[in-house]
1. Just to be sure I understand, how many residues within the stretch 292-301 are crowded, with 22+ Cβ neighbours inside 10 Å and out of contact with any Asp or Glu (no Cβ under 9 Å at 6 or more places or on another chain)?
2. Check every one of the strands (runs of 3 or more DSSP E) wholly within the stretch 443-562 and list those with 3 or more residues that are under 27 Å from Ile432 (Cβ atoms).
3. Could you tell me which residue of the stretch 199-238 is nearest to Ile261 (Cα to Cα), considering only residues that are among the basic types (Lys, Arg) and in contact with an Asp or Glu (Cβ under 6 Å, 6 or more places away or on another chain)?
4. Of (1) in contact (Cβ under 8 Å) with a residue 40 or more places away in the chain; (2) over 30 Å from Pro369 (Cβ atoms), Ile475 satisfies all except one. Which?
5. Within the stretch 244-275, which residues are among the polar types (S, T, N, Q), part of a loop (DSSP other than H, G, I, E, B) and either under 14 Å from Ala203 (Cβ atoms) or more than 38 Å from the chain's Cα centre (by Cα) (or both)?
6. Filtering the stretch 520-562 down to residues that are closer than 25 Å to Val370 by Cα and polar (S, T, N, Q), which residue is surrounded by the fewest Cβ atoms within 10 Å (Cβ to Cβ)?
7. Looking only at residues that are in a loop (DSSP other than H, G, I, E, B) and of a type in the set (Ser, Thr, Tyr) in the stretch 224-243, which one is nearest to Val254 (Cα to Cα)?
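The values are calculated or read from the model by the stated rules, or taken from the named source; none is laboratory data. What you see is a predicted model; the values in this text were computed from it and never measured. We place every Cβ from the backbone using ideal geometry, glycine too, and count neighbours over all the protein chains shown.
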Amino acid sequence: TFTTRDKMQAVLDFPFQDAARNFASKSQPTSELKTFFEADDWYTDADSNVYQLPTFLGNHDMGRIGYFVTDDNSGASETELVARDRLSHELMYFSRGNPVIYYGDEQGFTGTGGDQLARQTLFASQVSEYLDDNLLGTDATHAVDNFNPDSTMYRTISELSALTKQHPALRNGAHQHRYSSSDAGIYAFSRIDRGQQREYVVALNNSESAKTAAVPTYFSRGGFKRIYGSGEDLLTTDASSKLPVKVAALSAVVYESVAKIPQSHRAPAIRLGNPAPSAQTNSRMTVQADVSDSSFNEVTFYAKVGKGRWTSIGTDDTRPYRVFHDTASINDGTKVSYRAVVRDNAGHTRLSNEQRAIVPKPKLTIETPVAGAKVFGTIQVLATADPEMSSHVVRIQRQVGDGSWQTLATDSSSPVYSYFDDVSPIAVGSLIHYRAILTEPDGTRVISQVRTVTRSAPEPLVPNVTVAGNVQSEIGCPGDWDPACNVSDLTFDTSDGLWKGTWTVPAGDYEWKVAVNDSWDVNYGSGGAAGGGNLPLSVPAGGASVTFVWDQISHIPSATIG
């Protein structure tokens with residue numbers, strides 16, 4: 001919604017980063033990359049699309065691509081790590097979007113993690129954590145300046161940049177999926193510039209062995225010349241327009257059609273399917289067109305709200321031809337008409353049939369508590385609306401057993417609506433039902449499905465909870481900050497569902513938090529945040545009895561003196 005509803009020019013393509021890592025570093029099935037690119041249509045609207053998004057492989061927060069390929073392939077040779085790093089950049093440079101290089105990647109920087117561990121300097125470093133980092137494709141270290149234009153990755157990225165400058169379709173052309181597999185292997189796609197009308201076939205192999213594929217194209221018995229990577233210099237498609245490519249392990253190859261795509265003599269037939277709210281969100285209407293031929297076409301979709309004017313809602317230049325029209329700002333119950341125009345590669349156009357849809361009511365959902373859960377103490381009842389509007393006001397209601405519905409709260413704090421319900425007074429074994437009600441300005445009521453839970457006696461949700469900090473040695477532990485010292489374990493109180501422990505603590509200033517299951521893997525600090533900051537504890541002169549408490553629902557630890 002940031003680039004469609006909110007009209008931002010672009011957003012960082014974090015999903016691409018994850019997909020690229022899964023493909024090039026983890027050698028996941030290439031069908032996953034196909035699924036990823038199929039979602040590109042969600043970014044299409046009248047004045048923008050997915051091609052505008054900056055794509056990247058790593059950054060200062062998550063870490064570098066060099067770190068990912070190293071971490072994902074423990075024990076791999078330097079040659080393999082460099083190949084995977086190169087394959088990541090080949091995917092980014094040849095696919096849709098605007099590639100962004102994180103400084104240092106061109107020098108083979110790796111790092112050992114995210115944040116501070118991924119902020120090495122190009123000039124000689126004096127930071128001890130950086131000095132033993134491996135740099136991919138070079139013998140250099142961080143102890144020296146790294147501005148080397150002859151480093152392996154610098155030369156790779158320079159070559160990719162020069163190639164896309166020489167062949168602009170690889171940067172700005174339509175990205176049409178061509179081939180994928182259910183295992184590691186070849187992922188292939190075409191890039192086509194609408195003006196140049198030449199097809200570029202990009203094939204990338206994330207397998208550790210050479211692979212072959214018959215890649216669909218727009219040409220029957222047409223010639224293709226290799227412009228990147230290793231392989232046959234010239235290839236010819238067969239009668240079914242498939243190009244026989246062989247791609248070496250962990251590498252890429254690009255072929256350019258010798259001729260232009262054959263021009264269409266007339267616009268193909270186009271038929272619009274029945275528009276319907278998407279399965280993912282009620283605020284988007286799926287509008288899809290079927291086009292009769294398989295050549296290069298563009299389809300522009302139009303919408304008319306009520307008796308208004310026809311307005312473009314986006315153009316799609318790859319199959320499947322579709323848009324996800326954002327209807328969040330249109331009143332539910334409104335009739336919206338749709339149609340589409342196909343433009344073939346010779347400029348011929350044809351108009352589709354017209355279809356109509358009704359904007360649905362908002363969908364109201366109780367997100368928590370989980371259906372069928374056993375609840376005790378204070379629980380959060382949380383509801384969401386789809387589509388979300390800042391004007392929404394939601395009532396949260398509760399029914400105990402067969403009793404009457406009671407309104408617990410009215411919440412206008414978009415985008416989520418919640419209430420913390422104390423179920424302690426309700427008898428153990430009772431069924432508790434929750435629902436949410438949204439009343440729209442015209443009086444229309446939208447009611448969520450009912451969420452049913454059972455009031456139960458409090459029971460521990462984790463096996464063990466320990467007070468850990470520099471207070472431990474004062475209450476009987478052999479040392480401090482030991483999550484496995486059972487002397488400072490809390491005890492679960494079945495009367496209220498809280499974990500508690502009381503000890504006499506000498507005067508002084510301390511810090512502490514709670515650790516779960518004798519380990520730091522799960523711990524809670526200030527405000528109940530997972531891995532949160534230490535909590536301060538000041539005990540007055542003469543010492544005092546201190547009761548430590550941890551709420552397993554809110555995760556908040558607390559301490560009371562006296």
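1. Going through the stretch 292-301 one residue at a time, the tally reaches 0.
2. In the stretch 443-562, 445-447, 451-455, 498-505, 544-551 are the strands (runs of 3 or more DSSP E) which contain 3 or more residues that are under 27 Å from Ile432 (Cβ atoms).
3. Residue satisfying both the conditions and the ranking: Lys225.
4. All conditions are met except number (1).
5. Gln263, Ser264
6. The qualifying residue surrounded by the fewest Cβ atoms within 10 Å (Cβ to Cβ) is Ser554.
7. Ser230
Results for (1) outside any loop (DSSP other than H, G, I, E, B); (2) in the same structural domain as Asn134 (by TED's automatic domain parsing); (3) farther than 25 Å from Gln280 by Cβ, shown as yes or no for each residue.
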site: Phe2; (1), (2), (3): no, no, no
site: Asp6; (1), (2), (3): no, no, no
site: Ala20; (1), (2), (3): yes, yes, no
site: Thr35; (1), (2), (3): yes, no, no
site: Tyr67; (1), (2), (3): yes, yes, yes
site: Ser74; (1), (2), (3): no, yes, yes
